[in-house]
1. Does B:Lys125 satisfy being modelled with pLDDT of 95 or more, more than 24 Å from A:Ser127 (Cα to Cα) and outside any loop (DSSP other than H, G, I, E, B)?
2. If we scan the stretch B:70-88, do we find a residue that is modelled with pLDDT under 95, facing chain A (nearest Cβ under 8 Å) and either loosely packed, with under 13 Cβ neighbours inside 10 Å or more than 16 Å from the ligand (Cβ to nearest atom) (or both)?
3. Please work out if A:Tyr161 is open to solvent by less than 20 Å² (accessible area, probe 1.4 Å), touching a residue at least 24 places away in the same chain (Cβ under 8 Å), more than 8 Å from every other protein chain (Cβ to nearest Cβ) and not small (Gly, Ala, Ser).
4. Looking at the stretch A:121-133, which of its residues are facing chain B (nearest Cβ under 9 Å) and under 17 Å from A:Ala379 (Cα atoms)?
5. So in the stretch B:1-22, with the set limited to residues that are surrounded by fewer than 18 Cβ atoms within 10 Å (Cβ to Cβ) and basic (Lys, Arg), which one is farthest from the ligand (Cβ to nearest atom)?
6. Check B:Ile44, B:Ile61 and return the single one that is aliphatic (A, V, I, L, M) and within 16 Å of the ligand (Cβ to nearest atom).
7. Would it be correct to say that A:Leu77 is open to solvent by less than 40 Å² (accessible area, probe 1.4 Å) and over 21 Å from the mean Cα position of the chain (by Cα)?
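The values are calculated or read from the model by the stated rules, or taken from the named source; none is laboratory data. None of the values given here were measured: they were computed from a predicted structure. Cβ coordinates were reconstructed from backbone atoms using ideal geometry, including for glycine residues, and neighbour counts include every protein chain displayed. Remember, those area values only see protein heavy atoms, side chains included, never the ligands or the DNA or RNA. Shrake-Rupley method; radii C 1.70, N 1.55, O 1.52, S 1.80 Å.
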Amino acid sequence: MRDVAIIGVKNTKFGELWERSLRDIVVEAGIGAIEDAGVGGKDINALYVGNMSGGRFVDQEHIGALIADYSGLSRNLHVPATRVEAACASGGLALRQAIMTVASGYGDIVVAAGAEKMTDVGSEEASSALAAAADREWEGMAGATFPGLYSMIAKLHMHRYGTTSEQLAEVAVKNHRNGCLNPIAQYRNEITVDQVLNSIMVADPLHIFDCSPITDGAAALVLAPAEVAHEYTDTPIYIKATAQASDTIALHDRRDITTLDASVMAAKRAYEMAKLGPGDIDLVEVHDCFTIAEICAVEDLGFTEKGKGGIFTEEGETAIGGRIPVNTSGGLKACGHPVGATGIKQAVEIVTQLRGEAGKRQVEGAEYGMAHNVGGSGATAVVHIFSRER
Amino acid sequence: MSVPRFWRNLDSRYNLEGTHCTECGEYFYPPRKTCVNCRRLGQIEPYRFKGTGEIVTYTVIRTAAEGFEEQAPYALAIIKLDEGPSLTAQVVGSPEKVHIGMRVSSVFRKLGEGGDRGMIYYGTKFIPADA
Ligand SMILES: [Zn+2]
């Protein structure tokens with residue numbers, strides 16, 4: 001197994017990109033990343049694209065080949081291209097496939113991309129597509145929605161640990177504050193706890209401002225073997241760990257409704273692989289599809305005790321300047337959550353931070369960063385640890 | 001919801017029929033054909049649940065799922081059946097009365113209607129056990 005580095009990154013703007021197609025935005029991200037890396041199409045050995053529901057959102061399957069084609073990698077170069085799907089964890093998983101390809105020696109320069117175009121359908125159709133990440137036969141059939149599933153997690157977390165609606169709202173407030181500092185974010189406006197609490201109730205206790213929005217966006221990374229990474233860039237960022245875990249597809253079958261065991265296991269495997277612990281991590285991008293998901297994530301990844309995620313957030317420990325800055329990018333809440341793109345966008349943020357190029361949202365002296373990407377209500381979790389030093 | 005996807009679970013939906021592994025003793029609802037503990041070494045047989053249990057957690061859905069719009073707001077809960085397994089189902093009646101730890105029992109009810117084909121789906125919902 002070889003060490004792997006990231007040598008190029010690019011996010012598109014996230015938001016409602018009605019005038020642009022899925023292929024347009026992936027190509028923008030892909031070309032941006034390979035220009036950042038200083039490589040050419042001839043150098044690329046493989047392409048992985050994270051995409052959750054092209055068939056539902058734009059009525060297009062065969063996304064791997066489509067993206068390779070419109071990136072100019074097909075007709076003459078015939079680059080192998082693979083779509084990777086694990087619901088909202090599709091992007092993180094595409095990165096993991098790319099890492100394994102480079103680490104194994106089956107490829108040298110490999111591109112990992114993620115993309116989703118969600119606004120080409122109405123919001124009802126989009127919600128229905130997203131609901132397919134849960135158990136359609138035994139959750140959807142009973143009338144479950146995605147916010148509904150996370151609401152049931154929130155309800156029990158509040159009941160058992162005393163977590164409050166205000167603490168949930170603080171997650172959204174912080175992520176909007178960070179999003180204001182990120183040029184690609186869908187929402188670049190500050191919000192208040194009161195605004196969250198007074199927004200429409202979607203599923204008790206989650207308000208609409210507790211939920212990540214429906215968004216278009218793409219992101220891409222270029223990977224290379226660590227031993228040659230310096231030939232391409234002065235600031236390669238190294239992969240210290242890639243880990244993945246599964247859990248039951250239905251929330252009702254979990255060991256503990258308030259713990260995402262897939263996140264716990266993926267983090268445990270990642271810490272072991274990197275020979276690091278939660279105390280070594282300088283910043284983390286977590287999967288805040290709903291505010292309660294960020295609270296669970298800071299607990300499940302080991303940054304605070306189980307049940308303390310709410311108070312930890314309220315006390316500012318997850319803000320930039322706190323004990324562990326969480327979602328400096330603005331997270332899924334402020335950046336938007338184009339499902340297949342999210343995992344790659346998280347990695348782009350960590351790389352940008354570790355390079356010291358994050359501008360006003362820079363975490364000073366960051367050495368180690370983590371990205372945490374979840375599919376469904378926790379049936380898949382992917383955790384990566386990145387480092388400035390090899 | 002496609003018709004075949006509904007039909008093949010008819011006994012489970014109408015009669016709360018799940019499965020039981022005689023090897024390790026665990027009960028499954030929704031039914032599983034492979035035991036999560038014993039995997040292929042498990043001995044799976046059908047089991048009809050008594051239909052009583054307790055609410056583990058719940059929510060009141062206000063923005064409904066597709067096909068459930070007329071029912072909103074509705075209480076959706078994770079219910080732990082007395083034999084052990086948990087399932088997701090609606091709780092009938094006033095959503096304000098639903099609470100964690102509440103005892104419930106199963107009833108046969110209309111679940112929803114399937115889009116343009118106009119199929120009506122029936123299955124299991126729950127009511128307060130003392131009702
Ligand atoms: Zn068994």
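1. Taking the combined requirement at face value, the residue does not satisfy it.
2. Yes, because at least one residue in the stretch B:70-88 is modelled with pLDDT under 95, facing chain A (nearest Cβ under 8 Å) and either loosely packed, with under 13 Cβ neighbours inside 10 Å or more than 16 Å from the ligand (Cβ to nearest atom) (or both).
3. no
4. Within the stretch A:121-133, just A:Ala131 meets the criteria.
5. The selected residue is B:Arg5.
6. B:Ile44
7. So A:Leu77 does not fit the description; no.
The rows are residues; the columns are (1) open to solvent by 40 Å² or more (accessible area, probe 1.4 Å); (2) assigned to a loop (DSSP other than H, G, I, E, B).
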site: B:Cys24; (1), (2): yes, yes
site: B:Pro30; (1), (2): no, yes
site: B:Lys33; (1), (2): yes, yes
site: B:Gly42; (1), (2): no, yes
site: B:Tyr47; (1), (2): yes, no
site: B:Lys50; (1), (2): yes, yes
site: B:Ile55; (1), (2): no, no
site: B:Tyr58; (1), (2): no, no
site: B:Thr63; (1), (2): yes, yes
